[in-house]
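**Student:** What follows is a single structure, and I will ask about it in a moment.
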There are 2 protein chains.
Amino acid sequence: MKLSPALQYSHDLLKQVVTPGDTVIDATVGNGHDTLLLAQLVGKGGHVLGFDIQTSAIKATTTRLEAEHLNNVSLHLTGHQNVDQYLNEPLAAAIFNLGYLPSGDKSIITTGNTTIEAVEKMLPNLKPNGIICLVIYYGHPGGDNERAAVEKFTATLPQQNFNVLEYQFINQVNTPPKLIVIQKR
Amino acid sequence: MKLSPALQYSHDLLKQVVTPGDTVIDATVGNGHDTLLLAQLVGKGGHVLGFDIQTSAIKATTTRLEAEHLNNVSLHLTGHQNVDQYLNEPLAAAIFNLGYLPSGDKSIITTGNTTIEAVEKMLPNLKPNGIICLVIYYGHPGGDNERAAVEKFTATLPQQNFNVLEYQFINQVNTPPKLIVIQKR
């Protein structure tokens, strides 16, 4: 057994929480790796809502899903802070990859304000034992501000309603991502 | 699926890492709960080394093991920093519960210096993928100093030889324990 890196651990948890038929969110679809995983986990009877502000991300993800003949995903070219316009049902899980689009424009980054707004809008829909995974890349300019804002916000979530877990490797030189998981009690 | 509390997560990991025949360490036997788990995991062909500085802990653990007819444990009434006098073989896993003995004298606490000395003496024997779990209770006087010392020490372990994971709930009022796991690469 090897300890899972943060991104892998978020997937380990999603696989345990998400069941066929669920509604889930990929808040930052990027190149579509997590979207694909979620689409497979919820199955034909489930629904994935995907958000990204970059056309290239939506295109790459569309291509990836088509290659797997998956049509249970709604992709939205808009910021995840607008999630309330699209989410009307109970939510089993959501995942955020915070930072910039890998192999994309590194100046386009997620920010603490809109990330927190998106999480706040998802929390009322979160099912018991449902989770929101925040995989936080913070080695880039602006990344540390977002990390600090997300930590501060999640640390104040009321413990009678939520458990907030922090999972990170602390002896690494190259600031690997850290994971914060919010679970509805 | 519910996220495991820190102590439970340390047990989840031990169950994945420890196999029959292994040598393992309970560095703070206390009331013997972890000692019993380890003795069951390593089986008749394995060996558990247990340490505690309090006679009451050694007695309670002896009673617990006898009730389960387990005789694969060597209990030592001495500080875990003396582990090098007893450990001569490859080590699959070790666990520390840092703080005071539950239902015991709360003024007798583990301390950063001796905890770190014990870990340093165990590391050369740790097998590839072997783990050292440090379950850190730090709500008591002196606890925060030990927590900080252990964090500082483990964060500097060379990443080419070890991965160091931090696992903790960050929105809890009553300072639940945090877990640090060192895994040999």
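The values are calculated or read from the model by the stated rules, or taken from the named source; none is laboratory data. No experiment lies behind these values; they were computed from the predicted model shown. So basically every Cβ, Gly included, is an ideal-geometry build from the backbone, and we count neighbours across all protein chains shown. Accessible surface areas use protein heavy atoms only, side chains included; no ligands, DNA or RNA. Shrake-Rupley method; radii C 1.70, N 1.55, O 1.52, S 1.80 Å.
**Student:** Looking only at the range A:124-148, count how many residues are within 14 Å of another protein chain (Cβ to nearest Cβ) and either open to solvent by 20 Å² or more (accessible area, probe 1.4 Å) or within 14 Å of A:Thr28 (Cβ to Cβ) (or both).
**Tutor:** Selection size over the range A:124-148: 9.
**Student:** Please specify each residue of the range B:150-185 satisfying the condition of being more than 7 Å from chain A (Cβ to nearest Cβ) and in contact (Cβ under 8 Å) with a residue 60 or more places away in the chain.
**Tutor:** Scanning the range B:150-185 gives B:Pro176, B:Pro177, B:Lys178, B:Leu179, B:Ile182, B:Lys184.
**Student:** Kindly indicate which of B:Leu75, B:Leu7 is under 21 Å from B:Val164 (Cβ atoms), of a type in the set (A, V, I, L, M, F, W, C) and open to solvent by 40 Å² or more (accessible area, probe 1.4 Å).
**Tutor:** Details: B:Leu75 fails: under 21 Å from B:Val164 (Cβ atoms).
Being under 21 Å from B:Val164 (Cβ atoms), of a type in the set (A, V, I, L, M, F, W, C) and open to solvent by 40 Å² or more (accessible area, probe 1.4 Å) holds for just one of B:Leu75, B:Leu7, which is B:Leu7.
**Student:** Picking from B:Gly45, B:Gly50, B:Gly21, which residue would you name as being at pLDDT 95 or above and open to solvent by less than 30 Å² (accessible area, probe 1.4 Å)? Can you show your working first?
**Tutor:** Values: B:Gly45 fails: open to solvent by less than 30 Å² (accessible area, probe 1.4 Å); B:Gly21 fails: open to solvent by less than 30 Å² (accessible area, probe 1.4 Å).
After applying the criteria, what remains is B:Gly50.
**Student:** Right, something else. Can you tell me which condition B:Thr111 does not meet? The list is (1) within 11 Å of another protein chain (Cβ to nearest Cβ); (2) in contact (Cβ under 8 Å) with a residue 12 or more places away in the chain; (3) not hydrophobic (A, V, I, L, M, F, W, C), and all the others hold.
**Tutor:** Failed condition: (1).
**Student:** Which one of B:Lys184, B:Lys178 is among the basic types (Lys, Arg), open to solvent by less than 30 Å² (accessible area, probe 1.4 Å) and within 19 Å of the chain's Cα centre (by Cα)? Lay out the reasoning, then the answer.
**Tutor:** Working: B:Lys184 fails: open to solvent by less than 30 Å² (accessible area, probe 1.4 Å).
None of the others qualify; the one that does is B:Lys178.
**Student:** Which members of the range B:59-72 meet the condition of being buried (at least 19 other Cβ atoms within 10 Å of the Cβ) and either assigned to a strand (DSSP E or B) or not polar (S, T, N, Q) (or both)?
**Tutor:** B:Ala60, B:Leu65
**Student:** Name the single residue, out of those in the range B:78-100 being in a loop (DSSP other than H, G, I, E, B) and either touching a Phe, Trp or Tyr at 6+ places or on another chain (Cβ under 8 Å) or touching a residue at least 60 places away in the same chain (Cβ under 8 Å) (or both), that is surrounded by the most Cβ atoms within 10 Å (Cβ to Cβ).
**Tutor:** Of everything passing the filter in the range B:78-100, B:Gly99 is surrounded by the most Cβ atoms within 10 Å (Cβ to Cβ).
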